[in-house]
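The values are calculated or read from the model by the stated rules, or taken from the named source; none is laboratory data. Nothing here was measured: the structure is a model prediction, and the numbers come from that model. Every residue, glycine as well, gets a Cβ built from its backbone with ideal geometry; the counts of neighbours run over all protein chains shown.
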Amino acid sequence: MKRKPPASDDSLLIENGTIVTLGEPPRLLSGHALLVRRGRIAALRPRGEIDGNVARVIDAGGQLVLPGLINAHMHFYSTLVRGLGKAKPARDFNQILENLWWRLDRVLTLEDCHISAQVMMLAAIRHGTTTLFDHHASSGAVRGSLAAIARAAQATGLRVSLAYEVSDRDGARIAGEGLEENADFIRSCNRSGGDQVKAMFGLHAAFTLSDETLAAAAASAGELGAGCHIHVAEAESDQLYGRRRHGLSVVERLARAGVLGPRAIAAHCVHLDDAEMERLAESGAMAVHNPQSNLNNGVGIADLVALARKGVLVGLGTDAMTVNMLEEVRVALWAQHLRHGPAHGFAEAAATLFINNPRLASRLWGEPLGVLAEGALADIILVDYDPPTELSESTLFGHLLFGVSQAAVDTTIVRGRVLMAQKKLVLDLDEARIAARSRELAAALWQRF
């Protein structure tokens with residue numbers, strides 16, 4: 001009789017659920033089981049065909065088994081201003097930045113950065129968001145800020161990409177510190193390896209960056225093999241500044257500076273003309289749509305239909321408005337309906353989260369991510385869902401947007417590690433203590449603010 005190999009300590013078998021692979025094309029697999037070993041999907045086969053003992057079995061009966069969701073543009077540092085009412089009223093987007101966000105990042109401490117990230121990461125786990133691309137700013141505490149956020153990721157188990165947003169708005173010294181923070185953190189990630197924490201080279205936006213700082217950032221990123229993560233044409237003022245000051249559109253200026261490329265993230269892209277969309281597509285850079293933030297700030301609605309038609313890979317982020325990606329993708333759809341009419345935008349909005357974010361993350365991680373397939377990184381969620389109508393490949397995105405989005409995430413797994421089971425976090429963290437410390441830090445921050 002053939003003997004089964006002993007169970008490995010991290011092996012995990014998920015069975016009895018309906019497996020939604022996503023990927024291209026997405027598949028629905030019933031009667032299948034999924035085996036995880038050493039942080040990867042080791043097998044995805046019909047039930048009974050997976051040999052070997054396992055350390056843990058999860059019964060996913062009555063649930064969908066999905067890849068963990070990905071947030072392609074996030075700002076963890078904004079957590080501690082929730083409810084703050086001290087900012088002066090703003091007439092436009094630039095005043096929102098000056099009256100709130102730039103004032104905030106000047107008074108953040110390293111502990112603020114750490115706790116802000118930890119609070120939002122715990123919320124992300126509850127919503128099935130397992131990978132986040134953060135874009136950080138704390139001009140009063142630049143050096144060591146990315147390491148502080150990385151410690152939060154290591155404590156919570158989430159997968160993150162981190163970057164510090166370099167800007168000239170606070171002077172040459174702070175800009176220099178931002179360049180150094182990015183470069184040092186990228187080197188640290190390159191040395192340590194691993195697939196949990198990655199680094200990009202962060203930049204704020206073209207209108208707060210001199211040609212010299214852009215050139216220095218592009219050169220450093222190129223030497224280190226890192227992509228740049230930057231806000232692009234979020235408001236019309238970014239375009240007006242570029243054309244008036246430099247005689248160039250935002251995208252053309254960034255392209256000439258060497259900031260764009262296949263590993264670059266261009267967040268927002270609300271105010272692009274056809275030529276800029278084409279230039280973005282030629283560069284291979286990835287755009288990231290943030291509909292709730294754009295609507296909240298009154299800056300406009302990115303044209304997902306046109307961007308897709310031009311061949312731009314457009315992912316989905318939240319700009320810190322939420323960590324619930326299923327909520328964000330619904331708003332993306334409503335916004336496209338508002339812009340184009342209710343007959344347009346469904347495929348483009350759904351693709352941002354379910355097709356393009358996995359492609360974006362896989363490109364930057366260099367490994368299959370956001371898909372359930374043998375060999376892919378094992379980020380998996382289980383969602384309670386009993387479909388009231390036919391669930392098939394052809395109806396899947398409709399179910400995800402209009403049904404699964406309203407369902408509860410039961411289990412969250414990252415790198416093969418269970419972070420939440422039966423809707424309860426299973427981390428060695430004291431949530432009540434973290435929340436209490438967050439309130440203490442917020443009170444002190446509001447006084448400084």
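Remarks
- Per the listing ALA216, ALA152, ALA183, ALA221, the residue uniquely in a helix (DSSP H, G or I) and within 30 Å of ASP430 (Cβ to Cβ) is ALA152.
- Subset of the stretch 196-220 (residues that are within 18 Å of ARG143 (Cβ to Cβ) and surrounded by fewer than 21 Cβ atoms within 10 Å (Cβ to Cβ)): ALA216, SER220
- Meets criteria (over 19 Å from VAL414 (Cα atoms), touching a helix residue (DSSP H, G or I) at 6+ places or on another chain (Cβ under 6 Å) and acidic (Asp, Glu)) for ASP168: yes
- Meets criteria (in a loop (DSSP other than H, G, I, E, B) and either touching a helix residue (DSSP H, G or I) at 6+ places or on another chain (Cβ under 8 Å) or outside the structural domain of ARG91 (by TED's automatic domain parsing) (or both)) for LEU272: yes
- Among (1) touching a residue at least 40 places away in the same chain (Cβ under 8 Å); (2) in contact with a Pro (Cβ under 9 Å, 6 or more places away or on another chain); (3) closer than 20 Å to LEU69 by Cα, the one test that ALA335 misses: (3)
- Options THR352, THR318, THR322: the member that is polar (S, T, N, Q) and farther than 30 Å from ARG91 by Cβ: THR352
- Hey, LEU132 under 30 Å from ASP238 (Cβ atoms) and either among the hydrophobic types (A, V, I, L, M, F, W, C) or not in a helix (DSSP H, G or I) (or both) or not: yes
- Candidates ARG279, ARG253, filtered to the one that is without any contact (Cβ under 8 Å) to a residue 40 or more places away in the chain and either among the hydroxyl-bearing types (Ser, Thr, Tyr) or over 21 Å from LEU353 (Cα atoms) (or both): ARG279
For every residue, the table says whether it meets (1) within 19 Å of ILE41 (Cβ to Cβ); (2) small (Gly, Ala, Ser); (3) in contact (Cβ under 8 Å) with a residue 40 or more places away in the chain.
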{"residue": "ASN356", "(1), (2), (3)": "no, no, yes"}
{"residue": "SER362", "(1), (2), (3)": "yes, yes, no"}
{"residue": "GLY366", "(1), (2), (3)": "yes, yes, no"}
{"residue": "THR395", "(1), (2), (3)": "no, no, no"}
{"residue": "HIS399", "(1), (2), (3)": "no, no, no"}
{"residue": "SER405", "(1), (2), (3)": "no, yes, yes"}
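- Test result for PHE397, aromatic (Phe, Trp, Tyr) and either within 17 Å of ILE14 (Cβ to Cβ) or touching a Leu at 6+ places or on another chain (Cβ under 7 Å) (or both): no
- Restricting VAL383, VAL414, VAL409 to residues that are closer than 24 Å to GLU348 by Cβ and crowded, with 21+ Cβ neighbours inside 10 Å narrows the list to VAL383.
- Test: VAL323 is in the same structural domain as VAL270 (by TED's automatic domain parsing), buried (at least 22 other Cβ atoms within 10 Å of the Cβ) and either in contact (Cβ under 8 Å) with a residue 12 or more places away in the chain or within 26 Å of LEU158 (Cβ to Cβ) (or both): yes
- A single entry from VAL331, VAL288 fulfils the requirement of being assigned to a helix (DSSP H, G or I) and under 19 Å from GLU234 (Cβ atoms): VAL331.
- Breaking point among (1) touching a Phe, Trp or Tyr at 6+ places or on another chain (Cβ under 8 Å); (2) part of a loop (DSSP other than H, G, I, E, B), for ARG143: (1)
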